[in-house]
Each structure stands twice: as C-alpha cells, then as structure tokens.
Amino acid sequence: MLCRFARLLLTLNSHREGSEPITSALSALGDAFTMAGSMTWQITWSLILGFTLSAIIQAVVRRETISRMLGDDRPATLTKATGLGIASSSCSYAAVAMARSLFRKGSSFVAAIVFEIASTNLVIELGIILALLLGWQFTLAEFVGGPIIIVLMALFFRLFVRAKLIDAAREQALKGVAGSMEGHAAMDMSVQGEGSFAQRLLSDRGLTSVSHIFVMEWAAVIRDIVIGLLIAGAVAAWVPDSFWQTLFLTDHAGWSKVWGPLVGPIIAILSFVCSIGNVPLAAVLYSGGISFGGVVSFLFADLIIVPILIIYRKYYGTRMMLTLLAGFYVTMVLGGYIVEILFGGLGLIPDAGQVQVAEQGITWNYTTILNIVALALAALFLVRFYRTGGREMLSMMGGDPEDLSSR
C-alpha cells in the first residue's frame, strides 16, 4: 500500500513530462473517493439509526449510577460494567476518558477497562453497521467475542498485574493529565423525574436530551468515521487483491486462520482509526482474504491504536500503558481464535466473496429511501440541538471532566 501511495505521489509531481501521469493520478484519487463515497452512502442510514437508539438509551441512564456500581472486580460487577458500557458512548476517546474518570472516583481498574471495552465494541450502532457491511454473522461474532475478550482481560489482570502497578496507575490518574474528549466523557444529559420511560422520553426535556446526545456523539466520532472511510476507499481502490492474498496467506487455509488474529490488531494499530470508523476497512480486509477471527481481533483493536496508547501513557503511566497494550493484544488474538473455532464449528463463517465492499453509484432502492428518512431525522435533531443551547456544549467537548461535572 505504501509503495502504491508513493508511486501516486510521484505521478502527481511528474506533470512536466506530460499529461498522462496527472490523468492517471487524478483517476486513482477519483477511484478512492468514489469507493469512500459509495461506502458512506451505503451506511448513512444505519449510522443515524444506531446513534439515535444510543441517544435514547443514554437519555435515561445517569452516569453517576455507573461510578457507584463498579467498586470491585467481581464477576457480577464486571457484568454490570459491561451492561453500562453498552448503554454508553461509542467514541473510543470518550470511552477511554470516561474509564479514567470512573477509576479516579473509586471504580476498580478492571471494571473501568471492561466498561471501556463494552462502550466502544458492544454498542448498537456498531452492530448495525457490521450487519450492513459484513453480514449478521459479524454482528453476532462481535457480541460473542466481546464477552470472551472481557473475561480474558479480567483473567489477565488477575494473573499478571500486581496491586502495586494499579496503585501507581491510580496515582498517575489522580494527577488529571488532559487526554482527548474529556468534556464529552463528563457530560451527563440524562432525563430524570416522574413518569414512565415513554413519558420522559417524549417530553420537551427528553427530546432535547436525545438531540443533544445524538449531535455530541456524532461530533465525537465524525473524524474517525471520515478517516476510516477514506482509508477504506483508498485501500479498496489502490491495493491489488494479490497483495492481500499474500499477506493473509490465503493459499494456506490452515495457516491463514492462525495468522489472521495475529496480524489483525497490528493493522488496526497502524491504521489509527477507532471504533465504528474501522468497520469499512474490515470489510475490505475480509474481502481481501483475512480470516474471520482476524476480522474480530482487528475490530477490537481500536482501543490500542497509537493515539490512544499515548493517552494511556498520560493517564496511567508508561508501565500501565505497556501492560494494557500487551493485555489487549493477547486477549484480542485469543478472542479471535475462539470465535473462529466456535463459528467455524457451527458453520456460521460467511464466504468472503459475498461481502460487498460498496455499492456502485446511487440508485433508487431501499438504501436511498432509508437515507432520505434518516437524514431528515438527523436534520430535526440538529435544529433542536442548536435551538436549545447546543453550540456552547460543542465548545466544552475538550474541557476538563471535573470542571464540567461541577457545572
């Protein structure tokens, strides 16, 4: 891929030798943008639907409730952390910031990390987009693999991480070194009061809360979604199938299943894209020949991309950052193997040839109709957001969580 990109840059700089290199370079760029645009159109309605459902859930779950329930690392507590994470943010940066906030307020470190895993990899919108781009089997694999990785991560900490290291991490966390999306992590826009769930949700305060959460969630992840789509479009357009077939050992069925979960997280780390943004690239990788388990390990590795590793170092210190990197990588690889074996045994692994990376062009079909409806809904949320003081909230997304929570 890097060689191909380098050749593209060379052709852009060789305009003195004639118009063909420029035409070829522009054509290559056009192909990448076309693929990215097609993928964007294909998933727009599912993203809006997912963020709407997520906003509705967050509108009735208070974040104060979370910190009170996660004081230890017993199985029951970790189960609660998983459930609360599912009902929380899908932005990896906000989830990482929220996990540190919980840890500072008394949560156990393992429970905070479990919350972080669930709030980025077990959320509604991720499941919807996985089903749309890769198939329902991958949605099921994500929700089966997530608990498996959570259990493995808890075992990793119990067996290999000493209390002294966790104490050092807490000492560093209490310093409050700024990371990313701190303000968003602290914002609690849930609706409380009397009445049924429907009454609270359909009240003026409820609709305002949903619109605020919806827009803020989009603001938190839009960068990663755009970057992910552009990377996936470029990879799909520029990287030949032969490259992926060689990298993923497609000529050796047995070894490819061993290699896939090992290389999947490494590709994710180098792609710099997190959470939902890496799903389009996962579709490209699977159509290119990576194993089913490799896709699962790739998807969960959004929590160890380079920018987040830097944040871990700020939050918890270098030793804990390296511990998290090792723990996440090992558990993701093992989780990929387990999912591969389970789904292979049940005959639930789809043929990679059936994965459609992107529809060609826009046609009048169900995708277009759903996109029109979804975009109209998003526009209504956006109007209500700005009419009810949302502009000020956007400016606070990068603020200090403690300052914001005291407002």
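The packing ranking of peptides 244-257, 122-135, highest mean first, is 122-135, 244-257, where packing means the average number of other beta carbon atoms within 10 angstrom of each residue. Placing R0 at 30 angstrom, the Cβ-Cβ distance between residue 163 and residue 226 gives a FRET efficiency of 0.10 after rounding to 0.05. Ranked by the mean number of other Cβ atoms within 10 Å per residue, highest first, peptides 216-227, 294-305, 102-113 order as 294-305, 102-113, 216-227. Length gained on full extension, residue 394 to residue 76, computed as 0.36 nm times the residue gap minus the Cα-Cα distance: 110.9 nm. Run the simple label-point estimate for residue 322 and residue 24 please: 7 Å along Cα→C-beta, distance reported in nm. Once both label points are built, they end up 4.6 nm from each other. Place a point 7 Å from Cα of residue 170 in the direction of its Cβ. Which residues in the range 284-323 have their backbone N less than 16 Å from it? Taking a point 7 Å out along Cα→Cβ of residue 170, the residues of the range 284-323 whose backbone N falls under 16 Å are 316-317, 320.
Per-residue extension of 0.36 nm, minus the Cα-Cα distance of residue 199 and residue 155, leaves a gain of 11.6 nm for this segment.
With a simple spin-label model that places each label point 7 Å from the Cα along the Cα-to-Cβ direction, the separation between residue 255 and residue 387 comes to 6.3 nm. Once the Cα-Cα distance is subtracted from the 0.36 nm per residue extended length, the residue 143 to residue 362 segment shows a gain of 75.7 nm.
Bear in mind these aren't lab numbers, they're just calculated from the coordinates by the rules spelled out. In this text, all values refer to a predicted model and were calculated from it rather than measured experimentally. A quick note on method: Cβ atoms are made from the backbone with ideal geometry, for glycine too, and the neighbour counts reach across all protein chains shown.
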